[in-house]
Every structure is written in C-alpha cells, then in structure tokens.
Amino acid sequence: MCLWYNKDAEEAARFYANTFPDSNVGAIIRAPGNYPSGEEGDVLVVEFTVAGVSCIGLNGGPIFKHSEAFSFQISTADQKETDRYWNAIIGNGGQESECGWCKDKWGLSWQITPRTLTDALAAGGAEAKRAFDAMMTMRKIDVAVIDAARRGNTAP
C-alpha cells in the first residue's frame, strides 16, 4: 500500500513504529534528482510497516490528501490500550472524530476499536443494537459503557 505525504513520510513512519505493535521503519530512499515537489537528496520513499501492514510512504507533495475512505483499524483489548493509542494520535497533533475514529496530524484516519465492541456487533440481535447505539454517542470508545450496553444496562 502506498500512502502519499507532503514531505514528512519519514516522520509519520517513525511515529507509527514507536506507537503501534508490529510496526517498524525499513528502507529510506532519497531522490536521485530534483522532482516537482523536492530536490535531489530529499527523502522520496519510506518503506514501513504499521500493525503488520506493509506500506510505502511517498513524499509526493501537497497535491493529494488522505481521506476517510482509507483508515487503519487498531483492535484494542481494554480501555487502557484504547486510551494509549487514541491519546498518542490526538496528543501528536491529531484530531478526534466520531465512533472511535480519529485522524493523525498527517490526515490519515484511524479506528481505535475495542474488541468488546467488535464482539458485540458480531453477536447480532439486541446486544449488537445496544452496543451500536451506545457507540453512536461517542468519540473515543468507552469500554465500560459498551460492556454495560451489551449486558442491557444503561450505566457501567
């Protein structure tokens, strides 16, 4: 997968590698000559892995932007892990969105999704509906509220 960045693919790749498990930065390829949005010697391509997904970050300039049409989904075990990833993204210049979604400072979308929510939705029926309705009121997912909704309670 190739992700387009303005000039900061290496910074993004290093942030992802330091934040998410099964992530690392591989080869860094520099431009062999000048190009429309950079000069010879600038970082052109960064090979990296995010949560086990192989990526290439291309420093292609400001022409193309990320959109919600693509996002990374990070499954979390509990509130502590949910908070850690959410806070890392938001605290590094990102922004909150709805229903467990946020954007990093480069505009890439992330879904920080506790497994209890995924399990509730997979269960179907009334349990899924209650968890879904609870999720629809949230920005960052509140695990205790989702668990309460799964049980049919209105409060954690």
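Counting DSSP beta bridges in segment 1-61, what percent are antiparallel, to the nearest 5? So the antiparallel bridges in segment 1-61 amount to around 75 percent. With helices as the sole contributors, the chain gives -10000 deg cm²/dmol at 222 nm; each DSSP H run of n ≥ 4 counts as -39500 (n - 2.57), and the sum is divided by every residue. DSSP beta bridges confined to the chain are antiparallel in about 65 percent of cases.
Given R₀ = 35 Å, FRET efficiency for ALA51-ASN153 by Cβ-Cβ distance, to 0.05? Result of the calculation: an efficiency of 0.60. When each of TYR35, TYR5 is scored by the number of other beta-carbon atoms lying within 10 Å, the sequence from fewest to most is TYR35, TYR5.
Compare ILE56, ILE29, ILE89 in a GNM of the chain, Cα atoms joined below 10 Å, and give the one with the largest fluctuation. Checking each option, the largest mean-square fluctuation is seen for ILE29.
Our summary gives segment 66-156 a relative contact order of 28 percent, counting only alpha carbon pairs under 8 angstrom and 6 or more residues apart.
Listed by Cβ neighbour count within 10 Å, with the fewest neighbours leading, MET138, MET1 appear as MET1, MET138.
The slack in the chain from ASP22 to MET1, taken as 0.36 nm per residue of separation less the alpha-carbon distance, amounts to 5.9 nm.
The chymotrypsin sites (Phe, Trp or Tyr not before Pro) of segment 21-80 that meet both conditions, a loop assignment by DSSP and at most 15 other Cβ atoms within 10 Å of the site Cβ, are PHE64, PHE70. For the chain, the longest piece that avoids every one of the GluC sites (Glu not before Pro) found in DSSP loops with at most 16 other C-beta atoms within 10 Å covers 99-156. Sites listed here are trypsin sites (Lys or Arg not before Pro) in segment 55-89 whose DSSP assignment is loop and whose Cβ has at most 15 other Cβ atoms within 10 Å: LYS65.
Each reported figure results from applying straightforward, stated rules to the coordinates on display, with no laboratory input. Quick caveat, the model's predicted, so the values are computed rather than measured. With ideal geometry, Cβ positions are generated from the backbone for all residues, glycine too; neighbour counts draw on all protein chains shown.
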